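Q: Next up is a structure, given as structure tokens.
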Amino acid sequence: MKNILITGASHGIGKAIAARFAADGANLILNCKTDGHLLEQYANELSEKYCVKTLVCVGDVSDDSFVREMFDTAEKKIGGIDILVNNAGISWIGLLTDMSLEQWHRVLDTNLTSVFSCCKAAIPHMVHRKSGCIINISSVWGNVGASCEVAYCASKGGMNSFTRALAKELAPSNITVNAIACGIVDTRMNSCFSNEERTALADEVPMGRFASPDEIAQVAWQLANSPAYLTGQVISVDGGWQ
């Protein structure tokens, strides 16, 4: 039975990934910054339904000290992490000239520095076991960029390069590192768009709709169960959009 740690697990993609891996018998370490009570309820539901161990860790993964504490707690209560899913992320929409330095750092720290901290904490156990899987939830905007989302795009572009580089570093230890570059997914992050804007966005996608979180979760599960030779890839899941 494997142990999986998922950041940003209280909603959307992270929540769907938790359910998919629990159905496969994985023990869950679930993180969120807020909504801890809701995540506790969800974790208990998954534990009862699939007979897996669960642990909820509420805190900010942009804080390196919290990340180290979270991994220490997980190892003591459930065991070392076999699969890490870096899913926590935030966006900021607006002109770059209207963005404060504090807002810039907030996006970069949440979306990218957290990936550094979580990977650094997870790697020693994986290296010791000569196996492991790291999955980073990225975005197509990290590949092509988007107006009025410069910080978000920079963070996801950095995540993509981080993924490719770390995969080369960890390949000798049989640890895979891949990223999923998501297109438009029907999550809370995209709830800022009006119905008209959502329709216009969906019309740009050849498949004619947003992705569901469950579809991204299925790709994450497939990556975790793929041969170790599949590593260092940024896989676009965007309905043919980009």
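Q: Which entries in Lys49/Lys168; Lys15/Lys120; Lys33/Lys53; Lys77/Lys168; Lys49/Lys76 show an alpha-carbon gap greater than 26 Å?
A: Working: Lys49/Lys168 38 Å; Lys15/Lys120 23 Å; Lys33/Lys53 21 Å; Lys77/Lys168 31 Å; Lys49/Lys76 24 Å.
Check vs 26 Å cut-off fails for Lys49/Lys168; Lys77/Lys168.
Q: Cα to Cα, under 19 Å, and not fewer than 8 places away if on the same chain: which aspartates and glutamates meet these conditions relative to Lys130?
A: Excluding near neighbours in sequence, the set is Glu75, Asp82, Glu169.
Q: Arranged from highest to lowest average of other beta-carbon atoms within 10 Å per residue, in what order do the peptides 174-187, 193-206 appear? Write down the numbers at each step before the final one.
A: Values: 174-187: 22.3, 193-206: 11.6.
My ranking of the peptides, most packed first, is 174-187, 193-206.
Q: List the residues whose amide H sits under 5 Å from the amide H of Ile184, counting only those 5 or more places along or on another chain, with H placed 1.01 Å from N in the peptide plane.
A: When sequence neighbours closer than 5 places are left aside, the close amide H contacts are Ala211.
Q: Measure nothing fancy, just the Cα-based angle from helix 114-129's long axis to the longest principal axis of the chain, in degrees from 0 to 90, nearest 10.
A: 30
Q: Run the quick spin-label model on Ala165 and Leu95: label points 7 Å from Cα toward the beta carbon, then report their separation in nm to one decimal.
A: Result for the modelled spin labels: 3.3 nm.
Q: Also: At 1.4 Å probe size, with the rest of the protein present, what percent of the exposed accessible area of the chain is carbon and sulfur atoms? Provide the component values of the computation, followed by the final result.
A: Numbers: 5930 of 11410 Å².
Carbon with sulfur: 52 percent of the solvent-accessible area.
Q: With label points built 7 Å along Cα→Cβ from the Cα atoms of Arg188 and Asp214, find their separation and express it in nm.
A: Inter-label distance under the simple model: 2.1 nm.
Q: Also: Given a cut-off of under 8 Å on Cα pairs at least six residues apart, what relative contact order in percent is computed for the chain? Display every interim value, and only then the final one.
A: Working: 471 pairs, mean separation 48.1, N = 242.
20 percent.
Q: Taking the Cα atoms only, what angle lies between the long axis of helix 150-170 and the longest principal axis of the chain, rounded to 10 degrees?
A: Tilt relative to the chain: about 30 degrees.
Q: While we're looking at this one, here's another question. Measure nothing but the geometry: give the 0 to 90° angle between the long axis through the Cα atoms of 36-50 and the longest principal axis through the Cα atoms of the chain, rounded to 10°.
A: Taking the Cα atoms of the chain, the angle to 36-50 is about 60 degrees.
The values are calculated or read from the model by the stated rules, or taken from the named source; none is laboratory data. All figures in this text were calculated on a predicted structure; none of them were measured in a lab. Quick reminder, even Gly has a Cβ in these numbers, built from the backbone with ideal geometry, and neighbours come from all protein chains shown. Remember, those area values only see protein heavy atoms, side chains included, never the ligands or the DNA or RNA. Shrake-Rupley method; radii C 1.70, N 1.55, O 1.52, S 1.80 Å.
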